[in-house]
1. Any idea which of (1) assigned to a loop (DSSP other than H, G, I, E, B); (2) polar (S, T, N, Q); (3) under 24 Å from Leu179 (Cα atoms); (4) open to solvent by 20 Å² or more (accessible area, probe 1.4 Å) is the one Gln50 doesn't satisfy?
2. Take Lys40 and tell me if it is open to solvent by 10 Å² or more (accessible area, probe 1.4 Å) and over 20 Å from Val12 (Cα atoms).
3. Which is open to solvent by 60 Å² or more (accessible area, probe 1.4 Å) and under 16 Å from Phe24 (Cβ atoms), of Glu217, Glu163?
4. Could you list, in sequence order, the residues of the stretch 166-187 that are open to solvent by 40 Å² or more (accessible area, probe 1.4 Å), aliphatic (A, V, I, L, M) and closer than 16 Å to Cys82 by Cα?
5. Go through (1) within 16 Å of Leu131 (Cβ to Cβ); (2) of a type in the set (Asp, Glu); (3) open to solvent by 40 Å² or more (accessible area, probe 1.4 Å) and name the single condition Asp84 misses.
6. Any idea how many residues of the stretch 56-68 are in contact (Cβ under 8 Å) with a residue 40 or more places away in the chain, open to solvent by less than 40 Å² (accessible area, probe 1.4 Å) and farther than 24 Å from Thr214 by Cβ?
7. What is the residue count in the stretch 15-30 for residues that are farther than 18 Å from Ser147 by Cβ and either buried (at least 23 other Cβ atoms within 10 Å of the Cβ) or β-branched (Val, Ile, Thr) (or both)?
8. Only residues that are of a type outside the set (Gly, Ala, Ser) and open to solvent by 70 Å² or more (accessible area, probe 1.4 Å): list them for the stretch 188-208, please.
Amino acid sequence: MAAPAALQRSVVAPAGRHTASLIFLHGSGDTGQGARAWIKQILNQDMAFQHIKVIYPTAPARPYTPMKGAFSNVWFDRYKICNDCPEHIESIDSMCRGLTDLINDEVKNGIAKSRILIGGFSMGGGMAMHLAFRFHQDLAGVFALSSFLNKDSAVYQALKRNESALPELFQCHGTADNLVLYSWGEETNKMLKSLGVSTSLHTFPNLNHELNRTEIEKLKSWIIKKLPVEAPKANE
């Protein structure tokens, strides 16, 4: 099978020495550039750090079943948008390979996997949970904003067999979300916690399927906690 083409990406460089990386996966139908611009609009500036490179990759266009097979920038296909149908595991696993290449690019640049975070909004958060909890359990952490996993998710199956340490999950969800119901996010959080993941779930009353400033500021604080500034080594 041919290797997947490298994902397009929009990058916010660190202001100082690069010692950690953050991968932010957009929601369905968006692009890396679009997700970056959305966050920039909410914060009135890029989400940027002194030492952390922020990478916004773009999912390749593919036929998307909930849109009657129209092409869309999505990380994987879904049979429908619900939490009690099977996962489209073939497309999920294919994208896990493409995103693994992105992680490996950072490792080749000298960034340890324990200094890399991955997460995203909506479908991007679901993709990040598959990637981290099934294939990259040595990452620094995972974040999922307005996201969910299906009831019989391959993530749950993998964690039932798992015995190693797992990345921490930072989750946010609006109670007024009418696309990805709050109860789906809450159920995902409870299931992962029961399977040994250290989780937090931040609830935002009256927030629909969107991001807001308070949520992004909370996320930024968690990012700094998981990826603190490292003191330069003596020989640098």
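1. (3)
2. no
3. Testing whether each residue is open to solvent by 60 Å² or more (accessible area, probe 1.4 Å) and under 16 Å from Phe24 (Cβ atoms) leaves just Glu217.
4. Matches in the stretch 166-187: Leu179, Leu181.
5. With respect to (1) within 16 Å of Leu131 (Cβ to Cβ); (2) of a type in the set (Asp, Glu); (3) open to solvent by 40 Å² or more (accessible area, probe 1.4 Å), Asp84 is out only on (1).
6. Within the stretch 56-68, residues that are in contact (Cβ under 8 Å) with a residue 40 or more places away in the chain, open to solvent by less than 40 Å² (accessible area, probe 1.4 Å) and farther than 24 Å from Thr214 by Cβ number 3.
7. Counting residues in the stretch 15-30 that are farther than 18 Å from Ser147 by Cβ and either buried (at least 23 other Cβ atoms within 10 Å of the Cβ) or β-branched (Val, Ile, Thr) (or both) gives 3.
8. Listed by number, the residues that qualify are Lys190, Lys193, Pro205, Asn206.
The values are calculated or read from the model by the stated rules, or taken from the named source; none is laboratory data. No experiment lies behind these values; they were computed from the predicted model shown. No Cβ is skipped: glycine too gets one built from the backbone with ideal geometry, and neighbour counts run over all protein chains shown. Note: accessible area is taken over every heavy atom of the protein model, side chains too, but ligands, DNA and RNA are not part of it. Shrake-Rupley method; radii C 1.70, N 1.55, O 1.52, S 1.80 Å.
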